[in-house]
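Only one structure is covered here, and it is reproduced in the block below.
The values are calculated or read from the model by the stated rules, or taken from the named source; none is laboratory data. For clarity, every value in this text was computed on a predicted model and none was experimentally measured. Cβ sites come from the backbone with ideal geometry, for glycine too, and all protein chains shown count toward neighbours. The area values use the complete protein model at the heavy-atom level, side chains included, leaving out ligands, DNA and RNA. Shrake-Rupley method; radii C 1.70, N 1.55, O 1.52, S 1.80 Å.
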Amino acid sequence: MSENRPDPSELTGPQLVRAFLSEFDKPRTTKAERAAFFDFKARVFAAIADRDGNPDAARAAERARVARDRLLSEAETANGGGA
């Protein structure tokens, strides 16, 4: 799901910001593409939370995971995979 995005756990703080900002404004037309962005966002903020013990970053990571899961569920349902 992460295409060519870097592994956030291997990036420095400034590199995390640059990686996130470079992904932020890219157009996303499908739920799967939007879910992939939220997956990346969750991993970026989780890396920040792990390094700094930042509770705000941990909450941002959790919100991004919730958005990712919701989009994936909607995409699955739209493709006939839901109950």
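Residues in segment 1-12 that are of a type outside the set (A, V, I, L, M, F, W, C) and open to solvent by 90 Å² or more (accessible area, probe 1.4 Å) were compared, and the one that is farthest from residue 72 (Cα to Cα) is 10.
Entry remark, segment 27-70: residues being among the β-branched types (Val, Ile, Thr) and touching a Gly at 6+ places or on another chain (Cβ under 9 Å) number 1 in total.
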